[in-house]
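Please read the structure below before turning to the comments.
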Amino acid sequence: VTGRRLAAVALVLLGFAVGVVLGLDPPGAVAPVFSRLPAPATPFAPTAEVVSSTWYCPGMPVNGAEGFGGEIVIGNPGDVDAVGEITLLTPGQEPVRLPVIVVARESTVVDVAAEVTAPFAAAVVELFDGRGVVEQRAIHPVGTAVAPCANSTSASWYFADGTTAQGSVQQIVLTNPFPGRRGGGPLVRHDVGAAVAPRAFQGLVLGPESTTVITLGENLAQDERRLAVTITATTGRFVAGRSQHYLGDGRLGYTMSLGAPSLDDQWWFADGEIGEGITELLVAYNPTELEVVADVVFLGVTSDDGFIEPVTLTIPSRSVSVLDVGALGVLPEGRHGIVVSTLAADSIVVERVLTRPAGDFVATTVVLGVQPGFVSSRWHVATGVPFALESALVALNVTGLEGSVTVSAIGPGGEAPLSGLEQLPIPASGILAIDLPAEAARP
Amino acid sequence: VIASLLALALHLPWSLRFFDTGGRTALLGAPLAGPRSEGLVDLARFGVGGSSFGVLALGLYLPVLVAPLIARGWRFGWSVRAGFLVVVPGVLLVAADRGSIPELVSDPAVLMAPIALGLALSAATVVAAFSEDIRGSTFGWRQPLGLLTAIAVGIGLLPVLVASAGGRWEQSETSLSQLLAQLPTDPAEGDYRILHVGDPRVLAVPGFEYRDGIAYALTSDGTLTATETWLSVASVGVRSVADVLDAVANDQTARAGRALAPLGVRFIVVPLVDGAASTIDDPLPSPEGLLDAFGDQLDVRRRYASSELVILENTAWIPVRAALTGAAADASRSAGLDALARADLSGATPIMVGRTGTTLTAAEASAGVIHLSVPKSDGWRLDLDGSRLTPRSAFGTVTAWDLERDGTVEVWFETPTSRDLVVLAQALVWSVVLLLSISGGSLRWRRRRRPDVVIEPGSDGEPGGPVLNLTGRLDLPDVAGLREGRQGGERAP
C-alpha cells in the first residue's frame, strides 16, 4: 500500500469522522411561529396600527317587550371619521349588517332593538378607520347594565359570580361571530364546591354567526346561591356574556356583563365601598385542579393603627370562595380599592358584587376585575353620564407614588380638560372619586 | 464554476430570477424555522426504507473506503474523486442538518445528489478494480476485501430494491394531492385559487418564503399538475398575500377573506402531514398560531380538518374571472388592505368558467366591471363587441376593464414580441452549443484515429521498416529511439 493510497484513505476517513462527530446529538426540531399573540384578556382601547379593529358585544335583551332593549355605544376619540360595520347576531335568525360612521371626536349610539327582535342580540362591531371604543347597554325593566365589548374571542370563558336563588335568573349568552360552526361543543360547568358538567350542554354546537342562550335556574341549577360557570369550546373561539336578573337573596336588579376570557393571578378593583346598607362581596373562582391561596389587599384606606392587614382567601379546586368585605370589620366606611393576587399563575377569576340601597330597594352591580397587564394611565369611557353625578368616576393609583388625574371631554375641538377636573391629586396607592359636572353630561 | 456560469448565461434572461427577490427560495427552497435534525443515519441512508431495515443502506459507503486501497491506475484516481464527492458534500449536509449552515438547510437533496454520485462511482470503481486489478493477481488482502465490499454493496441496495418494488418508494397511499381532489374543479360558482400555507416541507407545491419555516403558494382549482412543481416568479398579487398574512399574524384585521378575494382565493390549505417529510407517526410541528389566527377571521370558515391537512374556506371570495356590479364594482377601484377590509364584495358573477391559460373565450357581460385576478399587464386584451378596452388596476393588484354597456367580451393575452425574440435567440444559442458539442465530439473521434505514437525500430535514423500505430494511453519505459507523435502523451482510459 503506497503512501498516496494511505493519504487518500486517511482523508476520506477524516471526512467520515468529521461527519459523524457533527452528526452526533443533533439539535431538536424547531416549530415555525406564524403568530404568537397574548391571551385574550380585559378589553382595551387599541393603540397599535391596525387594518380594522373588531369588538364583540356579549348580548342585549331585545325581545320586543316593554322595557327591554339594547344599544351599542361607539366612541371615536380620534381625528378621523371611523367607518364601520355592525353585525347583529341572534338565535336562529340571519345576521343583520348595518353600516356605521362615527364622526371624529364624537360618539354614536345604535338602537339594536330597532333592528332585530330576539331573546338576545349580540353584536360584532368593526371599525375600519380611526380608533374607537365600544360598549353596550343592556336595557331591562329593572335597570340598564353597561358593559364593555371584548377585543377578542376566546376558547374559554369564566364567570365567578352568579345565582339562581329565590327565582333569580341567570342566562349565559354564547355568541359565535364566525362563519363556521364552533364547538364540538362548549362545556358548561357550575361549581358549588364540586364540579358538575350538565350532560345537556356537552357537545353543544354553536351555529355560524348566531347566538345561543343557556338559561340557568329553570331546569338546570335551580335555587343555587353561588353559581360559577366555565364554558370551554373544544374547537374554535367564541364570546360569552352573562345576563343576571336578581330577585332575592339580598340582591335586586339586572346585570349583563362580559365573562373573563382567561384566568389570571391578579385582579384589580378601583372601587369598593363600605357603608350603611351596602353589601360588598368578593367572589373568587378557581376552576383549576389545585387549591389556590390568594391575598386580598385593600388600597386607599387606613385603619386606626395605620395599616390594614391583607386577608388570606383560600379557594378550593373547582370552587368559589366568597369574601364579605363589610363583615371583616376592619375597613372604615367609604370607598376603597382592592387587589386580589396569588402566586398560582393563571388560576383565578374574581368579581366584585356591590349591593347598594336605591330608594326603597337595593341595586346590585357586578364588576369583573382588571387583569394586571391592563392597568393603565389612560382610560376611555364611551358611555357618558346623562346628568351631573357624584362619584361618577373612581380612579385607583396602583403605584407607590403620588400622582394626578385629569378628566377630559372629547368634542369637535378635540380633547379638552374639564374645568375643575385638571391635575386632581391622587395619593400613592390611593383612590379618587370624581364628580362629573353638568358640562360633562350628555343626555 | 465556469460550467455553472456558462449554464447561467445560456438560460438568460430566465436565470436572472435567481438573483431577484425569492431567487434563493427558487434555488434551494424556502428556509426552515430551524435545523432539520434528520440525524446522521437517516441522511446517510437517504431516508430510504424503515429506520431499522434502511440502515443496511450504510453498506454502500464501504466502497468509498475500500476503492482507494484496491484500485490501481486510472481507477485509483476515480476512487479518490468519488471519495471526495461523498465526503465533502456529506460533511456540509450534516453541518446543514444541525443548522450550522442555515443557507443549506432547506433541501438536503441538493447535497445528496453528489453523494449518491460518489457512492455509485466508488462502487463502480471497486467492481472495475476487482475485475482489472485483483482478479488473477496473487492472493492477498485485496481479494477478500474486494469480495466483502461487493457483498456490502449488494446488501446496501436491498432497502432500495424493497422500497422500489411496489413502485411507491414507501410513500403514503394517500397523498395531499389526493386529499385536495375533494375540492371542486371548474365549479359553476366560478374558478378559484387555493392558498397553500405551512411548513415548506409539506406544501403540495413549491412555496414562496413567508418567514422562516412558513411558505405559501397559490394554485388554481383542479388537479395539481407538473406545472405547479415549478416555482413561478412572485408577482404583485402573490407578494400581496404576504401582506395579508402579516395582517392576520399580527391581529391587525379580522377580514383576511376580503383581503384575499381579489386574487380569487377561495380555499386556504394548511398541510400538516404529507406522508413523506411529515408522517402520522412522526409529524412535523405545525406553524404555531396559524390555524388560530385564521380561525379568528370573520370571513374564513373551516371546511375540512384531518390529521393530514386543514382546509379553510373564504366566504368573501370572488371568482378568478368575474363580472362585477354594484358594490363589488365600486370596491374594485380601491386599493390596499384598509380598503379591502371594508369592501362589500357582493355582486360578482363568474364568467368563462373552466378556461385556463392565456386564451380565453368570449362571454356575455353586463355593464360593470370585468375582473381578472391576474396582475395588471399590457399583454391582456379585452374586446367589447370588437372594440378594444383599456385595462386598469383593480384592488391594487389585479386587472379589470370598465364596461359601460352590455355586450360580448373577448379576453386573451397577447405575448409580447420581445419575448418571442428572446426565445428565438435562446434557441439559436442552444443550437450553436449543440452543434459545437456534436462537432467537438466528432473532431475528437477523428483525432483518435491518428497515430498517437510512431515507433521506428532501429536508431540509426533510417526510415523504413515496420511502423506500429498505437492509440490510447501508452506506458513505456524511457527507451532510446522513441519519437513522439503529434498526439503523443494523451492519457485516456
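The values are calculated or read from the model by the stated rules, or taken from the named source; none is laboratory data. What you are looking at is a predicted structure, and each value in this text was computed from that prediction instead of being measured. When we count neighbours, we look across all protein chains shown, and the Cβ atoms used for this are built from the backbone with ideal geometry, even at glycine. With ligands, DNA and RNA removed, areas are computed over all heavy atoms of the protein, side chains included. Shrake-Rupley method; radii C 1.70, N 1.55, O 1.52, S 1.80 Å.
Which of the residues spanning region A:270-286 are surrounded by fewer than 24 Cβ atoms within 10 Å (Cβ to Cβ) and under 19 Å from A:Leu368 (Cα atoms)? Step through it out loud before you land on a result.
Looking only at region A:270-286, we keep the residues that are surrounded by fewer than 24 Cβ atoms within 10 Å (Cβ to Cβ), and these are A:271, A:273-279, A:281, A:283.
Within region A:270-286, A:Asp271, A:Glu273, A:Ile274, A:Ile278, A:Thr279, A:Leu281, A:Val283 meet the criteria.
Scan region A:127-138 and tell me whether some residue there is more than 14 Å from chain B (Cβ to nearest Cβ), charged (D, E, K, R) and more than 13 Å from the chain's Cα centre (by Cα).
Scanning region A:127-138 turns up at least one residue that is more than 14 Å from chain B (Cβ to nearest Cβ), charged (D, E, K, R) and more than 13 Å from the chain's Cα centre (by Cα).
Working only within region A:13-54, note down all residues that are in a loop (DSSP other than H, G, I, E, B), in contact (Cβ under 8 Å) with a residue 24 or more places away in the chain and more than 7 Å from chain B (Cβ to nearest Cβ).
Within region A:13-54, A:Pro38, A:Ala39, A:Pro40, A:Ala41, A:Thr42, A:Pro43, A:Phe44, A:Ala45, A:Pro46, A:Thr47 meet the criteria.
If I filter region B:322-346 down to residues being crowded, with 20+ Cβ neighbours inside 10 Å and either touching a Lys or Arg at 6+ places or on another chain (Cβ under 7 Å) or among the β-branched types (Val, Ile, Thr) (or both), which single residue comes out as nearest to B:Ser240 (Cα to Cα)?
Our first condition is that a residue be crowded, with 20+ Cβ neighbours inside 10 Å; within region B:322-346, this holds for B:322-324, B:328-329, B:331-332, B:337, B:340-343, B:345.
Remaining after also requiring either touching a Lys or Arg at 6+ places or on another chain (Cβ under 7 Å) or among the β-branched types (Val, Ile, Thr) (or both): B:340-341, B:343, B:345.
Details: B:Leu340: 12, B:Ala341: 14, B:Ala343: 17, B:Leu345: 18 Å.
So the residue we want is B:Leu340.
Being at the interface with chain A (Cβ under 10 Å from one of its Cβ atoms), under 30 Å from B:Pro144 (Cβ atoms) and open to solvent by 30 Å² or more (accessible area, probe 1.4 Å) narrows it down to one residue among B:Leu85, B:Leu69, B:Leu92; which is it? Spell out how you get there, then give the answer.
Values: B:Leu85 fails: at the interface with chain A (Cβ under 10 Å from one of its Cβ atoms); B:Leu92 fails: under 30 Å from B:Pro144 (Cβ atoms).
The unique qualifying residue is B:Leu69.
Look at region B:95-109 and say how many of its residues are open to solvent by 40 Å² or more (accessible area, probe 1.4 Å) and facing chain A (nearest Cβ under 9 Å). Spell out the reasoning first.
Quick first cut of region B:95-109, residues open to solvent by 40 Å² or more (accessible area, probe 1.4 Å) only: B:98, B:100-104, B:107, B:109.
Those still in the list that are facing chain A (nearest Cβ under 9 Å) too: B:98, B:100.
Matching residues across region B:95-109 total 2.
Could you tell me which residue of region A:245-269 is surrounded by the most Cβ atoms within 10 Å (Cβ to Cβ), considering only residues that are out of contact with any Leu (no Cβ under 7 Å at 6 or more places or on another chain) and of a type in the set (Gly, Ala, Ser)?
So, considering only residues that are out of contact with any Leu (no Cβ under 7 Å at 6 or more places or on another chain) and of a type in the set (Gly, Ala, Ser), the one surrounded by the most Cβ atoms within 10 Å (Cβ to Cβ) is A:Gly259.
Out of region A:73-98, which residues are closer than 16 Å to B:Leu298 by Cα and not in a loop (DSSP other than H, G, I, E, B)?
Selection gives A:Gly84, A:Glu85, A:Ile86, A:Thr87, A:Leu88, A:Leu89, A:Val96, A:Arg97, A:Leu98.
Considering only region A:194-208, I want to know if a residue exists there that is crowded, with 17+ Cβ neighbours inside 10 Å and at pLDDT 85 or above.
Narrowing region A:194-208 to residues crowded, with 17+ Cβ neighbours inside 10 Å: A:201, A:204, A:206.
Filter again for at pLDDT 85 or above, leaving A:206.
Taking every residue of region A:194-208 in turn, at least one turns out to be crowded, with 17+ Cβ neighbours inside 10 Å and at pLDDT 85 or above.
When the residues of region A:371-387 are narrowed to those that are closer than 22 Å to A:Ile72 by Cβ and among the β-branched types (Val, Ile, Thr), which ends up most open to solvent (accessible area, probe 1.4 Å)?
So, considering only residues that are closer than 22 Å to A:Ile72 by Cβ and among the β-branched types (Val, Ile, Thr), the one most open to solvent (accessible area, probe 1.4 Å) is A:Val381.
Just need a number here: residues in region B:67-82 that are of a type in the set (A, V, I, L, M) and over 18 Å from B:Leu147 (Cα atoms). Walk me through how you get there before you give the answer.
Our first condition is that a residue be of a type in the set (A, V, I, L, M); within region B:67-82, this holds for B:67, B:69-71, B:80, B:82.
Going one step further and asking which of them are over 18 Å from B:Leu147 (Cα atoms), we end up with B:80, B:82.
Final tally of qualifying residues: 2.
Is it fair to say B:Ser79 is surrounded by 22 or more Cβ atoms within 10 Å (Cβ to Cβ), within 14 Å of another protein chain (Cβ to nearest Cβ) and among the small types (Gly, Ala, Ser)? Don't jump to the end; show me each part of the working.
On the way: surrounded by 22 or more Cβ atoms within 10 Å (Cβ to Cβ): yes; within 14 Å of another protein chain (Cβ to nearest Cβ): yes; among the small types (Gly, Ala, Ser): yes.
The answer is yes for B:Ser79.
Of all residues in region A:77-115, how many are touching a Ser or Thr at 6+ places or on another chain (Cβ under 6 Å) and open to solvent by 10 Å² or more (accessible area, probe 1.4 Å)?
3
Scanning region A:302-319 for residues that are open to solvent by 30 Å² or more (accessible area, probe 1.4 Å) and in contact (Cβ under 8 Å) with a residue 60 or more places away in the chain, which turns out nearest to A:Ser429 (Cα to Cα)?
The extreme case among them is A:Pro316.
Answer with yes or no whether A:Gly70 is touching a helix residue (DSSP H, G or I) at 6+ places or on another chain (Cβ under 6 Å), buried (at least 21 other Cβ atoms within 10 Å of the Cβ) and in a strand (DSSP E or B). Reasoning before the result, please.
Details: touching a helix residue (DSSP H, G or I) at 6+ places or on another chain (Cβ under 6 Å): yes; buried (at least 21 other Cβ atoms within 10 Å of the Cβ): yes; in a strand (DSSP E or B): yes.
Judged against the criteria, A:Gly70 is a match.
Limited to region B:32-47, what total is found for residues that are within 8 Å of chain A (Cβ to nearest Cβ), assigned to a loop (DSSP other than H, G, I, E, B), farther than 13 Å from A:Asp25 by Cβ and open to solvent by less than 20 Å² (accessible area, probe 1.4 Å)?
2
List pairs: first in region B:331-358 and assigned to a helix (DSSP H, G or I), second of a type in the set (Gly, Ala, Ser), Cβ under 6 Å, 6+ apart or cross-chain?
Taking only residues 6 or more apart or on different chains, the pairs are B:Ala331/B:Ala343; B:Leu337/B:Ala247; B:Leu337/B:Ala259; B:Leu340/B:Ala259; B:Ala341/A:Ser52.
Which ones in region B:125-146 are surrounded by fewer than 17 Cβ atoms within 10 Å (Cβ to Cβ) and touching a residue at least 12 places away in the same chain (Cβ under 8 Å)? Lay out the reasoning, then the answer.
As a first pass, look at region B:125-146 and keep what is surrounded by fewer than 17 Cβ atoms within 10 Å (Cβ to Cβ): B:131-132, B:135-141, B:143-144.
B:Glu132, the sole residue that qualifies.
Can you list the helices (runs of 4 or more DSSP H) lying wholly within region B:186-303 that have 1 or more residues being away from chain A (no Cβ under 14 Å) and surrounded by fewer than 20 Cβ atoms within 10 Å (Cβ to Cβ)?
Numbers: elements: B:236-249, B:256-260, B:290-295.
The helices (runs of 4 or more DSSP H) meeting that bar are B:236-249.
Please go through (1) part of a strand (DSSP E or B); (2) away from chain A (no Cβ under 14 Å); (3) open to solvent by less than 40 Å² (accessible area, probe 1.4 Å) for B:Ala152 and return the number of the only condition it doesn't satisfy.
(1)
Looking at (1) of a type in the set (Gly, Ala, Ser); (2) part of a loop (DSSP other than H, G, I, E, B); (3) within 23 Å of A:Ala395 (Cβ to Cβ), which is the only condition A:Ala363 fails?
Of the numbered conditions (1) of a type in the set (Gly, Ala, Ser); (2) part of a loop (DSSP other than H, G, I, E, B); (3) within 23 Å of A:Ala395 (Cβ to Cβ), the odd one out for A:Ala363 is (2).
A:Ala327 fails exactly one of the following numbered conditions: (1) at pLDDT 90 or above; (2) open to solvent by less than 20 Å² (accessible area, probe 1.4 Å); (3) not polar (S, T, N, Q). What is the number of that condition?
(2)
With closer than 30 Å to B:Gly347 by Cβ and either out of contact with any Lys or Arg (no Cβ under 8 Å at 6 or more places or on another chain) or in contact (Cβ under 8 Å) with a residue 60 or more places away in the chain (or both) as the only criterion, which of B:Asp296, B:Asp282, B:Asp274, B:Asp243 stands out? Break it down into steps so the answer makes sense when it comes.
Values: B:Asp296 fails: either out of contact with any Lys or Arg (no Cβ under 8 Å at 6 or more places or on another chain) or in contact (Cβ under 8 Å) with a residue 60 or more places away in the chain (or both); B:Asp282 fails: closer than 30 Å to B:Gly347 by Cβ; B:Asp274 fails: closer than 30 Å to B:Gly347 by Cβ.
On inspection, the qualifying residue turns out to be B:Asp243.
Restricting region A:203-237 to residues that are within 14 Å of chain B (Cβ to nearest Cβ) and in a strand (DSSP E or B), which is nearest to A:Thr90 (Cα to Cα)? It would help to see each step written out before you state the result.
Going residue by residue through region A:203-237, those that are within 14 Å of chain B (Cβ to nearest Cβ) are A:205-210, A:233-237.
When the remaining residues are screened for being in a strand (DSSP E or B), the result is A:205-206, A:210, A:235.
Numbers: A:Val205: 15, A:Leu206: 12, A:Ser210: 5, A:Thr235: 21 Å.
Only one residue tops the list, namely A:Ser210.
Pick out the one residue from B:Thr25, B:Thr21 that is modelled with pLDDT under 85, open to solvent by 50 Å² or more (accessible area, probe 1.4 Å) and β-branched (Val, Ile, Thr). Please lay out each step first, then the result.
On the way: B:Thr25 fails: open to solvent by 50 Å² or more (accessible area, probe 1.4 Å).
Only one candidate qualifies: B:Thr21.
Could you check, for region A:2-12, whether at least one of its residues is within 7 Å of chain B (Cβ to nearest Cβ) and open to solvent by 70 Å² or more (accessible area, probe 1.4 Å)?
Let us first name the residues in region A:2-12 that are within 7 Å of chain B (Cβ to nearest Cβ), namely A:5, A:8-9, A:12.
Still in the list and also open to solvent by 70 Å² or more (accessible area, probe 1.4 Å): none.
Checked region A:2-12: no residue is within 7 Å of chain B (Cβ to nearest Cβ) and open to solvent by 70 Å² or more (accessible area, probe 1.4 Å).
Hey, any hits in region A:303-326 for a residue that's among the hydroxyl-bearing types (Ser, Thr, Tyr) and under 23 Å from A:Val146 (Cα atoms)?
As a first pass, look at region A:303-326 and keep what is among the hydroxyl-bearing types (Ser, Thr, Tyr): A:303, A:312, A:314, A:317, A:319, A:321.
Add one more test, that the residue is under 23 Å from A:Val146 (Cα atoms), and what stays is none.
Scanning region A:303-326 turns up no residue that is among the hydroxyl-bearing types (Ser, Thr, Tyr) and under 23 Å from A:Val146 (Cα atoms).
Have a look at A:Glu71, A:Glu106 and point out the one that is more than 18 Å from A:Leu206 (Cβ to Cβ) and touching a Pro at 6+ places or on another chain (Cβ under 8 Å). Spell out the reasoning first.
Numbers: A:Glu71 fails: touching a Pro at 6+ places or on another chain (Cβ under 8 Å).
Criteria check complete, one pass: A:Glu106.
In region B:389-402, is there at least one residue being modelled with pLDDT of 60 or more, farther than 30 Å from B:Ala327 by Cβ and loosely packed, with under 10 Cβ neighbours inside 10 Å? Write out each step before concluding.
Within region B:389-402, the first condition is being modelled with pLDDT of 60 or more, and the residues that meet it are B:389-402.
Filter again for farther than 30 Å from B:Ala327 by Cβ, leaving none.
No, every residue in region B:389-402 fails to be modelled with pLDDT of 60 or more, farther than 30 Å from B:Ala327 by Cβ and loosely packed, with under 10 Cβ neighbours inside 10 Å.
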